[in-house]
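Notes to accompany the following structure.
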Amino acid sequence: MTTILFAAPNKDWEEFGAPLEDAFKAEGLNANLVREADPETVEYIVYAPTGWLKDFSQFTNLKGVQSLWAGVEKIVDNPTLQVPLARMVDSGLKEGMIEYCVGHVLRYHLDMDQDVLRQDAKWEVHVPPLAKDRSVLVLGLGALGAAVSEALVALNFDVHGWSRSPKQVPGVRCYHGEDGLAEALTAGEIVVLLLPQTAETTNILSAHRISLLPRGARIINPGRGPLIDDDALLAALDSGQVVHATLDVFRIEPLPKDHPYWQHDRVTVTPHIASDTRPDTAAKLVAENIRRAESGQSMKFIVDRDVGY
Ligand code: NAP
């Protein structure tokens, strides 16, 4: 019997417990899924950064950790974790992110706020361009960024994407590395941030890089708060370099009540809801990964601890 510790909050247990049991059975695993155990008996851990677990050194027979989250910045540098760490790549997470990003891109593209928020009896006609004439830049072309880019291509947007290593995404003009970023930014009428939080990506949208965007750019950040230099963004919003930002993630969450983003009339705050891991689909990856590890294969979507994602 394989002992698997579920180290995530109570709320997650209520959602994930039954789908995980079902998925373990479907993979033919003889699994003992527990919320507490003698640490020496634990072989795998299903982990969420919002849970209680900080010190992995007590689990002397641990073989692998599966994160329920795609973003691993809270665990990747944990020195007590010495076994493979797999991040979450889930079709439900992907679908949710596509819907959030496409929704906000269309909102900006069509200037929907102008119509929705303004009922002032003024008959002002603004015809938006077609999607083919609107450039959207997706920073990060991983599991989520590539999926969002493809959805935007399907809507006929002029899609540009940027990643660390060279990538090919059908219909997307791809750039990579530091050298590719300056050119990519010039195509950012609407910018979507889907990068992980690492030392290299912190403040990637600095004052200088924001200045390279077309004037009047819009920014959508469902990636991580530290990707943006907040002071630089606030200054760019005030100067009109950026006309609006939709922010889902922040350096401190929940976003403090007195943060300027709450007050700013050119900022939409959403409370880290862009996309959630969906228990029914995610449980399948957890089970598949543990089955793979038990049969001597490597787990899928292993985090590269050197690059931080
Ligand atoms: P992923 O598959 O690991 O993709 C990350 C992408 O970022 C890759 O294309 C990678 O380049 C690129 N990248 C990383 N460091 C870079 C750098 N220094 N320069 C240029 N590109 C760099 O991650 P994912 O599954 O798509 O998730 C992305 C992020 O979304 C997560 O890390 C998390 O922070 C966030 N997220 C947010 C929510 C929410 O609800 N708000 C939900 C899920 C995830 P390569 O392709 O060359 O490796």
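The values are calculated or read from the model by the stated rules, or taken from the named source; none is laboratory data. The structure displayed is predicted, hence computed values, not measured ones. Here the Cβ is made from the backbone with ideal geometry for all residues, glycine too, and neighbour counts use every protein chain on show.
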statement: The condition of being farther than 20 Å from Leu5 by Cα and crowded, with 22+ Cβ neighbours inside 10 Å holds, among Pro222, Pro254, only for Pro222
field: Positions within the range 218-257 being among the acidic types (Asp, Glu), in a loop (DSSP other than H, G, I, E, B) and more than 13 Å from Leu205 (Cα to Cα), in sequence order
entry: Asp248, Glu253
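From the list Arg118, Arg134, pick out the single residue that is more than 20 Å from the chain's Cα centre (by Cα), buried (at least 19 other Cβ atoms within 10 Å of the Cβ) and of a type in the set (Lys, Arg). Spell out the reasoning first.
Values: Arg118 fails: buried (at least 19 other Cβ atoms within 10 Å of the Cβ).
The unique qualifying residue is Arg134.
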task: Six or more apart or on different chains, Cβ under 7 Å: which pairs go from a residue in the range 193-213 that's closer than 12 Å to Pro226 by Cβ to one that's surrounded by fewer than 16 Cβ atoms within 10 Å (Cβ to Cβ)? Could you list them?
output: Thr198/Val307
task: Of the conditions (1) buried (at least 19 other Cβ atoms within 10 Å of the Cβ); (2) among the polar types (S, T, N, Q); (3) assigned to a loop (DSSP other than H, G, I, E, B), Asn78 clears all except one; give me its number.
output: (1)
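Tell me yes or no: at least one residue of the range 213-220 is away from the ligand (no atom under 16 Å from the Cβ), in contact with a Phe, Trp or Tyr (Cβ under 7 Å, 6 or more places away or on another chain) and within 27 Å of Ile190 (Cβ to Cβ).
Going through the range 213-220, the residues away from the ligand (no atom under 16 Å from the Cβ) turn out to be 213-218.
Narrowing further to those that are in contact with a Phe, Trp or Tyr (Cβ under 7 Å, 6 or more places away or on another chain): 218.
Still in the list and also within 27 Å of Ile190 (Cβ to Cβ): 218.
Yes, the conditions are met somewhere in the range 213-220.
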- prompt: What is the one condition in (1) within 15 Å of the ligand (Cβ to nearest atom); (2) in contact with a strand residue (DSSP E or B) (Cβ under 8 Å, 6 or more places away or on another chain); (3) on the phi > 0 side of the Ramachandran plot that Thr246 does not satisfy?
  reply: (3)
For Trp123: the one exception among (1) over 25 Å from the mean Cα position of the chain (by Cα); (2) aromatic (Phe, Trp, Tyr); (3) not in a loop (DSSP other than H, G, I, E, B): (3)
message: Restricting to the range 290-300, name every residue that is in contact with a Pro (Cβ under 9 Å, 6 or more places away or on another chain) and either crowded, with 17+ Cβ neighbours inside 10 Å or part of a helix (DSSP H, G or I) (or both).
response: Ala293, Met299
message: I need every pair where a residue in the range 265-279 that is on the phi < 0 side of the Ramachandran plot and near the ligand (Cβ under 9 Å from one of its atoms) has its Cβ under 8 Å from the Cβ of a residue that is assigned to a loop (DSSP other than H, G, I, E, B) and among the aliphatic types (A, V, I, L, M), sequence separation at least 6 or different chains.
response: Ala274/Val249; Thr277/Leu68; Thr277/Ala70; Thr277/Met88
task: With respect to Asp158, determine if the residue is within 28 Å of Asp111 (Cβ to Cβ) and either in contact with a Pro (Cβ under 9 Å, 6 or more places away or on another chain) or among the acidic types (Asp, Glu) (or both).
output: yes
task: Output the residues belonging to the range 126-161 that are part of a strand (DSSP E or B), free of Cβ contacts under 8 Å to residues at least 40 places away in the same chain and more than 9 Å from the ligand (Cβ to nearest atom).
output: Asp158, Val159, His160
message: Cβ-Cβ distance below 8 Å, separation of 6 or more or different chains: which pairs start in the range 46-72 with a residue that is within 16 Å of Ala287 (Cα to Cα) and end on one that is among the basic types (Lys, Arg)?
response: Ser67/Arg87; Trp69/Arg87
message: Name the residue that is nearest to Ser298 (Cα to Cα), counting only residues in the range 49-86 that are of a type in the set (Val, Ile, Thr) and within 22 Å of the chain's Cα centre (by Cα).
response: Val65
- request: Name the single residue, out of those in the range 162-211 being part of a loop (DSSP other than H, G, I, E, B) and basic (Lys, Arg), that is farthest from the ligand (Cβ to nearest atom).
  value: Lys167
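Every residue, every condition in (1) within 12 Å of the ligand (Cβ to nearest atom); (2) of a type in the set (Asp, Glu); (3) at pLDDT 95 or above, yes or no:
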residue	(1), (2), (3)
Gly28	no, no, yes
Leu33	no, no, yes
Glu40	no, yes, yes
Glu43	no, yes, yes
Ser57	no, no, yes
Leu68	yes, no, yes
Gly71	yes, no, yes
Lys74	yes, no, yes
Val89	yes, no, yes
message: I need every pair where a residue in the range 107-121 that is aromatic (Phe, Trp, Tyr) has its Cβ under 6 Å from the Cβ of a residue that is surrounded by 10 or more Cβ atoms within 10 Å (Cβ to Cβ) and at pLDDT 85 or above, sequence separation at least 6 or different chains.
response: Tyr108/Ile190; Tyr108/Arg218
